[in-house]
1. Out of all the residues in segment 323-345, which are among the aliphatic types (A, V, I, L, M) and closer than 25 Å to residue 140 by Cα?
2. Among what's in segment 873-903 and is touching a residue at least 12 places away in the same chain (Cβ under 8 Å) and among the basic types (Lys, Arg), pick the residue that is nearest to residue 834 (Cα to Cα).
3. Could you list, in sequence order, the residues of segment 521-550 that are closer than 21 Å to residue 496 by Cα and not in a loop (DSSP other than H, G, I, E, B)?
4. Is there a residue being assigned to a loop (DSSP other than H, G, I, E, B) and either out of contact with any strand residue (DSSP E or B) (no Cβ under 9 Å at 6 or more places or on another chain) or modelled with pLDDT of 95 or more (or both) anywhere in segment 643-664?
5. Might you check whether a residue that is under 30 Å from residue 1029 (Cβ atoms) and not in a loop (DSSP other than H, G, I, E, B) occurs anywhere in segment 894-904?
6. I want to confirm something. Restricting to segment 677-693 and keeping residues that are part of a loop (DSSP other than H, G, I, E, B) and in contact with a strand residue (DSSP E or B) (Cβ under 6 Å, 6 or more places away or on another chain), which single residue is surrounded by the fewest Cβ atoms within 10 Å (Cβ to Cβ)?
7. Quick check on my filter: what residues within segment 819-835 are modelled with pLDDT of 95 or more and β-branched (Val, Ile, Thr)?
8. Which numbered condition trips up residue 801, out of (1) outside any loop (DSSP other than H, G, I, E, B); (2) more than 19 Å from residue 720 (Cβ to Cβ)?
Amino acid sequence: MEKSIWKNKGFMPYLIIVFLNAFTDLGHKIIIQNALFKFYDGTELRVYTAIIQAMILLPFIMTFTPAGFLSDKFPKNRVIVFAAFIALPITAMITVSYYTGAFWLAFWLTFVLALQSAFYSPAKYGYIRELVGKNNLAPANSAVQAVTITAILGGTLVYTLFFESWFSTDFENIGDILQSVKYVGFLLIIGTLIEALLALRLPLKQQTDLTLKFAVKQYLKMRYLKNNLKSAWSHQGIWLSIIGLAVFFAINQVLLANFGAHLKETMGETDTRIANGIMALAGIGIIFGSIFVGKVSKNYIETGMIPLGALGICVFLFSLVFVQDLLSLAILFTVYGFFGGLFIVPLNALIQYYAKEGEVGTILAANNFVGNLFMLAFLGASIGLSFLQFSNQTTFYILATVTFFGTLYAIAKLPQSFIRYIIVGMLKRRYQVQVVGMKNLPARGGVLLLGNHVSWLDWAMLQIASPRPIRFVMFRSYYEKWYLKWFLDIFRVIPIGQAGSKQALDQVQESLSQGEVVALFPEGHISHNGHLSIFKSGFERAVKETQAVIIPFYLRGLWGSLSSYATRKYRYSTGYAGQRRITIGFGKSLSHQASASEVKQAVLETAFHSWQSYVETLEPLPISFLRTAKTQSSRIAVMEANSELSYGRLLAAALVFARQLKPLMSSQANIGILLPPSTGTVLANLAVMINGKTVVNLNYTAETSVVALSLEKAEIKTVLTSQRFLSKLEGRGIDLTPLKTHAHFVYLEDVKQAIPKWKLILSLLQAKLLPASVLKALYFKKTALEDTAAILFSSGSEGVPKGVQLTHQNIMSNIKEVSAVLNPKEEDIILNALPTFHAFGLTGTTFLPLIEGMPMVCQPDPTDAKTIGRLVAQYQITLLLGTSTFLRIYTRSRKVHPLMFQSLRLVVAGAERLNPEVRSSFKEKFGKDIYEGYGATETSPVASVNIPDILLSYSGDIQTGNKIGTVGLPIPGTTIKIVDPDTLEELPIGEAGLIMIGGIQIMKGYLNDPEKTQSVIVEKDGVRWYQSGDKGKLDEDGFLIILDRYSRFAKLGGEMVSLGAVEAKLSEIIENPDIEILAIALPDPSKGEKIVLLVAGESDMDKLKAQMLQSDINPLMMPKTYLAVEAIPKLGTGKADFAGAKKKALEMLG
């Protein structure tokens, strides 16, 4: 993500230099102009004022070529330094002329000072892009424009005040006037000296071509001039912007030259403070206009302001002649300046955006040349009109007429921008647009934009983000509607048939070949689930014969808007806070030969940057819960057997528990929680986080020694638990009392009993009556998004558990990403039965419903099939998240009747591979599909997931969300790539390799283990990647297929055999669906390793071996040893315990 312009080294010194340069140049001009105003009247005043303006402009025309050449040949910061120091002797000579009363010398020194500025200008303005980059051109130009105008205002005010203070009415000639204000010269010298010293602090940002040569003969023959103007005229966007600026500043010069005489004639005003003050108000207007443009155009260039600004200037000029009082005149000039700011800021930004690298200086010099040429021509015309005795009013009418035709031309040339701006004005109360990666959008040449399609407003937001006009491809059925066609024709929309159209694709190809920008939504329809659908390949034919580039884009934030197909529930949860934040991300360019699958992968990677921008605006978990609880106070939040809590009551309970527990948590960073899924667990986690502590949910199914090691590693001194729960564990043979020697156990029953009733009532009243901001100040300790929210000790399926640190940002981003594809409904209720010591339970079934406003039903034991079935039926639960192991239990249990699961609309399996037999059995018994997902504790945890297919009724097409045998598409904001496990080089789509997961949800790191963290986390291009250790591949549609874990291989005589592949093959051979198997690798003296098969549910090993021998299984995959076990070793999450299985096998084999 691009950093703020204010964080760029050198930007502040640069702005001060810009200020001082304008302040000093203007100061001398004000002194000369005021002297003329005091000494002359009528035609003489108009002529001399025009001449002084012309003297300032002429050097910019004369030095157009050499100034641009110097800016391109030498580093721009060094040109600025040199020019700043040259100004010192010039201001010294000006001061001497003041002292001696040599007015005409000072008059002609104006030309010399302008000559120095002319050499200065291309480097000064060309340096902007080097400092801030293309993506920040609009706000940077707004800042520069505002600072320049502030300098002009300040200079006008300061030098006019000094002039009037020291001015003596006792003068015989104009030189006497100058001599009376001689001390002003020292102010010029001081300003120039500070400017020169600050210039030394500007950093070198870009090397230039020092081999460039300047041919004097070519310069004198004006060949340079022709070539440089040719560069500026090579792109329509550049020369139109230059002409627009030239006309504006030319009009401005004539206005300044004639306004003094107009003021004297119509109102008899001779005070220079009044005259300059009114004109300075135009500068204030420009500042406000520039600030407004910068605010509206954050990270992009809003060209729709240009026609609007021109229209405002036109109205001002027509109105000027009718104003007869100073107050109205002051207001009018301020409004004029405001519209001037709207006009010039986007034009300046467009010039810098379209300019190629290495020619910025030349083009900016061309801008100066053309602008000054126009100003000289207009000033010459003004002088001519004065000699012809045309009144000031007539001059202003002529200017207004010129502006009127200019406005019509701007609207004709930028109809898309103007209409777009009007539309944006209508939508701005609901949408705040931000653009990331605009530097990736080429300023020239053919561009095919390809990305996601989530709403009816996608086209408008995409055009807002692009400074270049976009041609959109649209279904003919919409295009031909009579009330839309005329409007769409303005945008030169390309209509296409439902089944594709050769004519439309030919038109796309032609537009791209002509260097235009075309946008196409390759899904072919608006998403009905917020996720990417399959990309159609029709665009490949349209782009392959061109030299255009493909730019992937991603729109985030429109899913959930009224113009999308998101559910009402999701719209409410994402748009309740006022403006909807829309992020448009542009990815790195792709070749015109890129395939649909490559483009889709690039769009998914672009999504990361769009989501990152959004996630940075989120709040930590406890504050996010507070916001939800306050907005949904009366809705049910948590339910369990015989009890339920609304959000309001849950918030009150969390606040009072947090206050009660606060003294017990002092001077501790991490607090342990030893509880099953329940209301108490929810309260404990919230109370700890409200107090600014990190939650560590401990695995009560692990060996006591492992839990003790977790307590030691996390330095936990306090554990929140329940006496009733510990008693139940003891009844199952799990004794955790030895852990009391490592930490102080705090029982929630005791905490509840110790809370006085009045405190509960007070807390309830506070939760109900006080606004969120007050509750936040009273109860919530300040927490940053980057702070660690939870430490989860990984299940240790392959070894010693690791402490995974997840920040508030990690978990919040995963919640929002999952919610986007979950698309929750009003009637949704989620089962919370997964333990919170696992990321799937902590994020997926605990905090996701809390933050997103979905009721949860808690059940402490996920293996209690009977109770699970009863709860689903009783509460009409719609969302069931579980593991393959738990889902197998529900399928095989006779106590779970098929009707009990009738209310479920979505069943998601994660944490372990979904057994195909479980999938088919579940479908057969309950009539429900299981959608498989994938992730890891280190990814907070969800990385990808399958979701239901959707029938698009209006077309009969299917939006594919589910592919059996895969773990789905990466969730929004997450990117997955397959790399070579040794080199980490990305592999082609379809090739198997190491799965790397990138996203905002990637863990902070392993607790106190930087080496381990460094071994699995890779940072590249601003993305943190997690090396999963899993082997997999992406199919042509971007769906992820898991093949195995790299650590789950047996090396047999030098051959690597996948244990997962062995299990898959054996599962096909075994006829009994009740048999469960697990393959492990153990040392073998003959081949290095051997495959050992653990079998549960089958006592006749000979029969099983016979089945294997009769099959066509590869001999390498044949297990050498078969071990019958009562049950496959499992972790508390339901995942296979590989380390425990190896230990058990070794014990059985002696």
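The values are calculated or read from the model by the stated rules, or taken from the named source; none is laboratory data. All values derive from a computational prediction rather than experimental measurement. Cβ coordinates were reconstructed from backbone atoms using ideal geometry, including for glycine residues, and neighbour counts include every protein chain displayed.
1. At the first step, the residues of segment 323-345 found to be among the aliphatic types (A, V, I, L, M) are 323, 326-327, 329-332, 335, 342, 344-345.
335, 342, 344, 345 - these are the residues of segment 323-345 that are among the aliphatic types (A, V, I, L, M) and closer than 25 Å to residue 140 by Cα.
2. Taking segment 873-903 first, the residues touching a residue at least 12 places away in the same chain (Cβ under 8 Å) are 873, 875-893, 895-903.
If we keep only those that are among the basic types (Lys, Arg) too, we end up with 888, 892, 895.
Numbers: 888: 15, 892: 19, 895: 20 Å.
Among residues in segment 873-903 that are touching a residue at least 12 places away in the same chain (Cβ under 8 Å) and among the basic types (Lys, Arg), the one nearest to residue 834 (Cα to Cα) is 888.
3. The answer is 538, 539, 540, 541, 542, 543, 550.
4. no
5. Pass one, segment 894-904, residues under 30 Å from residue 1029 (Cβ atoms): none.
Checking segment 894-904: not a single residue is under 30 Å from residue 1029 (Cβ atoms) and not in a loop (DSSP other than H, G, I, E, B).
6. Of segment 677-693, the ones part of a loop (DSSP other than H, G, I, E, B) are 677-678, 691-693.
Imposing the further condition that a residue be in contact with a strand residue (DSSP E or B) (Cβ under 6 Å, 6 or more places away or on another chain) reduces the set to 677-678, 693.
Working: 677: 24, 678: 20, 693: 24.
So the residue we want is 678.
7. 829, 830
8. Going through (1) outside any loop (DSSP other than H, G, I, E, B); (2) more than 19 Å from residue 720 (Cβ to Cβ) one by one, residue 801 breaks only (1).
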